[in-house]
Amino acid sequence: MTDTYVGAVDQGTTGTRFMVFDHSGQVVANAYEKHEQIYPDPGWVEHDPMEIWENTKTVVNRALNEAGLNTDQLEALGITNQRETTLLWDAETGKPIHNAIVWQDRRTTDRVEELESQGKVEDIREKTGLEADAYFSATKAEWLLANADPIKMERSRPEDVQDRAEKGEILFGTIDSWLIYNLTGNHITEVTNASRTMLYNIRDLEWDDDLLREFDVPRGMLPEVRPSSDDDYYGYTDPDGFLETEIPVAGALGDQQAALFGQTCFDEGDAKNTYGTGSFFLMNTGNDAVESDHGLLTTIGFQRSGEPVQYALEGAIFVTGAAIEWLEDVDLIEDAAETAELARSVDSTDGVYMVPAFTGLGAPHWDQRARGTIVGMTRGTRREHIVRATLESIAYQTRDVAEAMEADSGIDMSTLRVDGGAVKNNFLCQLQSDIIETGIVRPEVDETTALGSAYAAGLAVGYWDSVDELRDNWQVDREFEPEMDREMADEMYSRWDDAIDRCRDWARDGGT
C-alpha cells in the first residue's frame, strides 16, 4: 500500500478539485480549477457541463504530474459532487442539451408554489424526505424538458426533447452521473444523489412513479441507482481515454454525505457541519428515516454494498461561505482571510444583523422568496461591523439548525465536527462554539468531502478493510469550547429571528 493510492474528484459549486489520499488518509496530491458562474436572469444560476468535464481532466492530470504519480498507482477513483445541480445530455453525442441548472437556481419557484397550492407538499415530503423547493432536481428537470432548445442539440432526428427522453435518447443526471458517464460510459447515479432529486422514494429505495408523472420525467432517461460504496464498481476508466489505464470508479456520494463519511460519522447520533458555499449540517440517524417536525430534511446518509441504507437528518443552509465571497464582490474585503482580523477589531456588530438570504432561506425556515438583508445600520456603521455581522450570521443559521436537529432527534450534541474552507477561520470556529453553546472539533484533514468519496471507493476495492481503519485515521487538529457567557450568546441570538422576519417574502415576479 506504500506506493498505491485512492483518488477523489470533488466537483463543487465554484470549482473542481482532484485529491489523492494514502492509506493513512493523508493528502499526497491536490489540484483545483474554478469554473464560470452563469447568471442568465436574476435568481438563475447555471454551469457549463463541458467546462466542468474539461476542468476535471485538467485537475486530475495536474495533481498527478505535480506529485510525480502515475495513473497505475491509483487503486480506485471516488466522486463527490454539488448536489441537486441538474443536466440533460444527448446519449448519442454525449453532449449536454443545455447548461446545467445549479442547486441555487430559483427559476422554478412558481412551480413549487403551484405544488403548495395543490396540497401536494406533504406527499412529496413523505416519499422523499424533502421540502418541496426549487432547490431540488425535479422541477429543474421538468423545466429543461420543456425549455431546452432543440436547435442547439447535435442530432440528426427532429423529435422534441420530451419524445427523445421517453426513448432514453436524452439522459438525466446530477453531476455525479455526468462524471461517471464521461469516465466509464455508464449511466449510473448513487443513492445519496438520487435522494436529492425529489423523484426518489427514500423508503422504497426506487424512482417513484407518482413523482415521475407529476414532473413529467420519463423513466427511460433516469440513471441506475447504486450504493455509495459499490463492490461491483460503477465501471472502469477508458484505457484509451485521458487516464490511459483502467481504474475502477467505485464510490460516490453527494458532497454533504461525503463529508459525513469523511468525518467518520458512521454511528447514530454522529453529526457534522460543512461550511462551503452554503452550510450543511447532517446527523446520522442509523437505519431509521426520522421525520422532521422542525423544518429539516430526511435524507439518505450513505450505503455500502450489501448493507442497509444509513439515513440522516439534514439542515441545508443556502448561503454561508458565499456571504464571505459577497463581501469580496462588493469590495468590503480583499480576501477571505481578512474577515477574522476585521471582526476582532470591533467588540460587536453595534446592532447590525446581516441575513445572507441571497437565494432564499433554507432550513428550518424554507422561504424561497426571502432575500439578503442588512438591518440595524446607523451612520456609525463601518465595514468591520458588517463583516462581523456576516460571520455571526453563519453562526446564527447553524444554531437554528442545531436546535431543530436536537428537537427532532432527541439527542443533545456534546460536540460538532466541522469541515470546509471557512473552518480555517479560528474566529468563526470559536464564535460558532459560543453561539450554539457546544464544543466544535476540527479535524486535521479538513477536505473531508473529497476524503469521504475516497474512503467509499477505497472500501469497495479493499484498499481499506473496514470503517474501523477509517476511524483510526481521523485526527483532531483543534477543539473549541464555549467561552462566551451563555446569557450574552442568547441575547445576541434573540434578535436574529427579528432580522429573519425582515427578509422574508421579498422577491416577487421572476424570483427577483
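Here, each number is a calculation from the coordinates, and none is a lab measurement. Remember, predicted model here, so these are calculated numbers, not experimental data. We place every Cβ from the backbone using ideal geometry, glycine too, and count neighbours over all the protein chains shown.
Here are a few things to note about the model shown:
- Unit Cα scatterers, Debye sum, the range 432-500: log10 I(q)/I(0) for q = 0.15, 0.22, 0.26, 0.27 Å⁻¹: -0.67, -0.91, -1.09, -1.13
- Unsatisfied cross-links (Cα-Cα over 30 Å) in the set K34/K424; K34/K167; K57/K127; K95/K120: K34/K167; K57/K127; K95/K120
- Calculated FRET efficiency for the pair Y39/N287, C-beta based, R₀ 30 Å, to 0.05: 0.10
- Residue exposure sequence - Y463, Y455 - by fewest surrounding Cβ within 10 Å: Y463, Y455
- Cβ-Cβ FRET estimate between K167 and R508, R0 fixed at 45 Å, reported to 0.05: 0.70
- Counting other Cβ atoms within 10 Å as a rough exposure proxy, the listed residues C265, C429 run C429, C265 from fewest neighbours to most.
- Gyration tensor over the Cα atoms of the chain: the corresponding equivalent ellipsoid has semi-axes (square roots of 5 times the eigenvalues, largest first) of 34, 28, 22 Å.
- Sequence-distant contacts, meaning Cα pairs under 8 Å at least 6 residues apart, place the relative contact order of the chain at 16 percent.
- Relative protection proxy for 493-505, 173-185, from highest mean packing down: 173-185, 493-505 (other beta-carbon atoms within 10 angstrom).
- Computing Rg and the Kirkwood Rh from the Cα coordinates of the range 295-408 gives a ratio, Rg/Rh, of 1.09.
- With q set to 0.19, 0.24, 0.32 Å⁻¹, the log10 of I(q)/I(0) for the range 333-374, from the Debye formula over equal scatterers at the Cα positions, is -0.75, -0.86, -0.99.
- Among beta bridges from DSSP that stay inside the range 5-96, the antiparallel ones total about 70%.
- Fraction of antiparallel bridges per DSSP, the chain only, in percent to nearest 5: 70 percent
- Ellipticity at 222 nm from helices only: DSSP H runs of n ≥ 4 in the chain, each -39500 (n - 2.57), divided by the residue count, give -10000 deg cm²/dmol.
- Kirkwood Rh (inverse of mean 1/r, distinct Cα pairs), the range 166-285, angstrom: 15.8 Å
- Taken about its Cα centre, the range 337-460 carries a charge dipole of roughly 520 debye when the Cβ of each Lys and Arg holds +1 and the Cβ of each Asp and Glu holds -1.
- One quarter of the convex hull surface built on the alpha carbon atoms of the range 40-195 amounts to 11.3 nm², the projected area averaged over directions.
- Kirkwood-type radius of the range 199-270, with distances r between different C-alpha atoms, in Å: 15.1 Å
- Taking the range 4-80 and dividing mean pair separation by its residue count, relative contact order in percent (alpha carbons under 8 Å, at least six apart): 39 percent
- Ordering 21-29, 196-204 by mean Cβ neighbour count within 10 Å, with the highest value first, yields 196-204, 21-29.
- Spatial offset of the range 221-290 relative to the range 357-417 amounts to 27 Å, using the alpha carbon center of each.
- Computed over the alpha-carbon pairs of the range 20-103, the distance histogram in 10 Å steps reads 14, 39, 28, 17, 2 percent, short to long.
- As a proxy for reagent exposure, T237, T58, T378 were ordered by neighbouring Cβ count within 10 angstrom, fewest first; the result is T378, T58, T237.
- Residues D477 and D498, FRET efficiency given R0 of 35 Å [Cβ-Cβ distance, rounded to 0.05]: 0.45
- Relative contact order %, the range 272-352, counting alpha carbon pairs below 8 Å whose residues are six or more apart: 28 percent
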